[in-house]
């Protein structure tokens, strides 16, 4: 048996959609109830999800032991914290000391963000078309494609795409567009009754939807999901 131990590793880069959770208090007794309440709105979306902790709201020095307790509370709720973001001067060294990655805040990316958005828009060139209803409990994933559904999406169903999602009927389940981080993705439907809309890791649950009915367009604007009723 011939084994070559000198074969180089073949590294690949890919976008991974992450949830970004703001840490407004290092007291677990304050943080934990807020976290549990948030996760309860969409448990399937957050289960074992890659997570970035945003420390931007913390102005004081951070005790690493307190942050470790926050990380442990996230892991107890089946999240997978892997990185920090916030103020580079105050928080980057802290991330490395805890063996976590560092992610620059989006607002500081400037022209680089625009270039990445153009690249994202051009990278998806195919569309997966489904003509049958998506029933409760079903999940459909259009990998490296847009998703076009010529029928309805039932409550309890989940439709996912790396690109846009268009539903030519009623959207009652969960719609997750830009699943690999494409923040230019949109969700468009003829009748908006969704349980949850997510775009590039940012989500909005039905209780937080603006008032409205009928056809709708959902898009990401300044890290918030905007729903326009047409």
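Observations
- Applying the condition of being at pLDDT 95 or above and surrounded by 23 or more Cβ atoms within 10 Å (Cβ to Cβ) to region 141-161 and asking which residue is nearest to the chain's Cα centre (by Cα) yields 147.
- Test: residue in region 195-209 that is closer than 22 Å to residue 142 by Cβ, modelled with pLDDT of 95 or more and in a strand (DSSP E or B): no
- Each residue in region 1-47 was checked for being within 27 Å of residue 144 (Cα to Cα), modelled with pLDDT of 85 or more and in a helix (DSSP H, G or I), and 0 of them qualify.
- Hits in region 162-181 - residues which are surrounded by 18 or more Cβ atoms within 10 Å (Cβ to Cβ) and in contact (Cβ under 8 Å) with a residue 60 or more places away in the chain: 174, 176, 178, 179, 180
- All positions within region 48-94 that are in contact with a strand residue (DSSP E or B) (Cβ under 9 Å, 6 or more places away or on another chain), in a loop (DSSP other than H, G, I, E, B) and farther than 12 Å from residue 19 by Cα: 55, 56, 57, 86
- Number of the condition not met by residue 67 [criteria: (1) in the same structural domain as residue 38 (by TED's automatic domain parsing); (2) more than 28 Å from residue 47 (Cβ to Cβ); (3) at pLDDT 95 or above]: (2)
- For residue 184, the conditions (1) buried (at least 18 other Cβ atoms within 10 Å of the Cβ); (2) under 28 Å from residue 40 (Cβ atoms); (3) under 17 Å from the mean Cα position of the chain (by Cα) are fulfilled apart from (2).
- If the condition is being under 25 Å from residue 176 (Cα atoms) and either out of contact with any helix residue (DSSP H, G or I) (no Cβ under 9 Å at 6 or more places or on another chain) or assigned by TED's automatic domain parsing to the domain that holds residue 203 (or both), then region 48-64 contributes 48, 49, 50, 52, 54.
The values are calculated or read from the model by the stated rules, or taken from the named source; none is laboratory data. All figures in this text were calculated on a predicted structure; none of them were measured in a lab. Note that each Cβ is placed from the backbone with ideal geometry, even for glycine, and that neighbours are counted across all protein chains shown.
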